[in-house]
1. Would it be correct to say that K276 is over 23 Å from T176 (Cα atoms), surrounded by 13 or more Cβ atoms within 10 Å (Cβ to Cβ) and among the charged types (D, E, K, R)?
2. So A170 fits all but one of (1) within 16 Å of ligand 2 (Cβ to nearest atom); (2) under 26 Å from T305 (Cβ atoms); (3) not in a helix (DSSP H, G or I); what number is the exception?
3. Being over 16 Å from M180 (Cα atoms) and assigned to a helix (DSSP H, G or I) is the filter here, so list the residues in the stretch 203-223 that pass it.
4. Within the stretch 313-331, is there a residue that is at pLDDT below 95, within 16 Å of ligand 2 (Cβ to nearest atom), aliphatic (A, V, I, L, M) and out of contact with any Asp or Glu (no Cβ under 6 Å at 6 or more places or on another chain)?
5. Do you know which of the residues in the stretch 82-109 that are crowded, with 21+ Cβ neighbours inside 10 Å and either away from ligand 3 (no atom under 16 Å from the Cβ) or of a type in the set (D, E, K, R) (or both) is farthest from Y155 (Cα to Cα)?
6. Regarding T305, is this residue under 16 Å from D41 (Cβ atoms) and among the polar types (S, T, N, Q)?
7. Of all residues in the stretch 172-189 being of a type outside the set (A, V, I, L, M) and touching a Lys or Arg at 6+ places or on another chain (Cβ under 7 Å), which is nearest to S330 (Cα to Cα)?
8. All but one of (1) surrounded by fewer than 20 Cβ atoms within 10 Å (Cβ to Cβ); (2) within 16 Å of ligand 1 (Cβ to nearest atom) hold for V67, so report the exception by its number.
Amino acid sequence: MKIGIVEKPGVLKIAERDVPRVQNSTDVLIKVKRVGICGSDIHIFHGKNPFAVYPRVWGHEFVGEVVETGSGVKTVTKGTHVVVEPIVFCGTCYACRQGRGNICESLKVMGVHIDGGCQEYIVVSEANVHILPDSLPWDEAVLIEPFTIGAQACYRGNVQKGDFVLVMGAGTIGLTALQMTKLAGATVIVTDLVPEKLAYAKTRGADYIINAKEENLFEKVREITGGMGSNVTIDAVCNKKSFEDCIEITSAAGRVVELSFNESPSEIAPVNIIKKELTICGSRLQTKRFPVVIDYLKQGKLPLTGFVTKTYPIEQMVEAFEYVDANSASVRKVVITMPGI
Ligand SMILES: NC(=O)c1ccc[n+]([C@@H]2O[C@H](COP(=O)([O-])OP(=O)(O)OC[C@H]3O[C@@H](n4cnc5c(N)ncnc54)[C@H](O)[C@@H]3O)[C@@H](O)[C@H]2O)c1
Ligand SMILES: [Zn+2]
Ligand SMILES: [Zn+2]
C-alpha cells in the first residue's frame, strides 16, 4: 500500500509498505479515504514541530471505512464509516484521571509521535474511532478533527449564550472556533489582516469583522461591546503580541483561551490579570469533543460548504504540501484523496 512519509525534515515521500494486520482483539483495520493537511503537518515537514519524531507517516486528520475488526470489537463492523480520534493516552496519570487524555503525561498523537493516517490502511484501537453517518460526504467528514480544536477552545473558554467572543485570526483554527462559539449562542467578532479571510468568516456567521491592519482592534471591540471588551478571547493568531492583546482586550470576569505552541515569552503585567480576574487557559487538541462536532453535523447545524479549498490524490501529495506552503494566506483546508475514493 502507499504511505505518505516525512523521512526527515524537508524530505516528504510516497513509499510502499505492507498492509497492517489486525492483531489485538480491540484492533480496527480502516481503509483510509481522506487525510487533511494541517499547519502542523507543514511544520513537521519543515522540521519545526518540537514533538515530531522521524521518520513519520504524517496525518492526524483522517477518515475511512472499517474493513476488518478484532474479535472483541463491539461498536463497529465492516463497512462502518469512521473518523479517527488521533490521540493515544495512558489513562492513569493525573490528567487522564481528570478525563483529560489530551494532555496525558505520555500523550502520543498519530502523525506526530506515532504513525498517522496518510496510508491506505491503518490499524487503530476501537477506542479511537467515532461512527459517522454513511450519508456524510468524506470531504466534510475529514474536517471533524479541526472542528474539534475549535470546539475545545469554546469549551475551555466556557462560552455562554449571549457572551461576546473575540476570535483572533480567521485561519483554519479561528474559523472552527467561530463556528463552534456561534453554535454556543455567542456574538462573535473575528479579526484578521486579510480581507478575503474576513469575508469568508462573515459567510460562516461572524457578527462583526475587524481588519486589524486598517482599524484599531481595541477601539473597535470596545465600541461593539459597549466599552466592556470581549468576554472570551480566543487566540488563533498565536504570536507574542496576540497573547498580550488578548489580556488587554478581554472584559472583567472574562476568559482568555490560548492555542499557541509559540515558545517566545509574551510580556504581561500581572495587574492586568488580577484587576479583571481573568481566567487564562490553554487549549490543546481536544477532549471528548468528537461526539459534539459529529452531533452538530448530524443535526445539519454545521455548514461546511467551501471549507475545503482543494483536493489532491495521494500521488500528488508533494504538490499538495507545496500548494499549502505557497498559498498560506488563502488556504483553509487541503485534503488528500486516498485510492478507491
Ligand atoms: N492548541 C491546539 O490544539 C492547536 C491546534 C491546531 C493549531 N494550533 C495553532 O493555532 C494557530 C493557528 O492555526 P491555523 O491553522 O488557523 O493558522 P493560519 O495561519 O491558517 O491562521 C492564522 C491567521 O491569523 C491571521 N493573522 C496573523 N497576524 C494577525 C494579526 N496581527 N491580527 C489578526 N490576524 C492575524 C492570519 O492572516 C491567518 O488568517 C497556529 O499557531 C497553530 O499552531 C493550535
Ligand atoms: Zn490539525
Ligand atoms: Zn495519561
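1. Yes; evaluated as a whole, the condition is true for this residue.
2. (1)
3. L217, F218, E219, K220, V221, R222, E223
4. Yes, that holds for at least one residue.
5. V82
6. no
7. T172
8. Going through (1) surrounded by fewer than 20 Cβ atoms within 10 Å (Cβ to Cβ); (2) within 16 Å of ligand 1 (Cβ to nearest atom) one by one, V67 breaks only (2).
The values are calculated or read from the model by the stated rules, or taken from the named source; none is laboratory data. Predicted model only: the values in this text are computed from it and were never measured. Methodologically, a virtual Cβ is constructed for each residue, glycine included, from the backbone with ideal geometry; neighbour enumeration extends over all protein chains shown.
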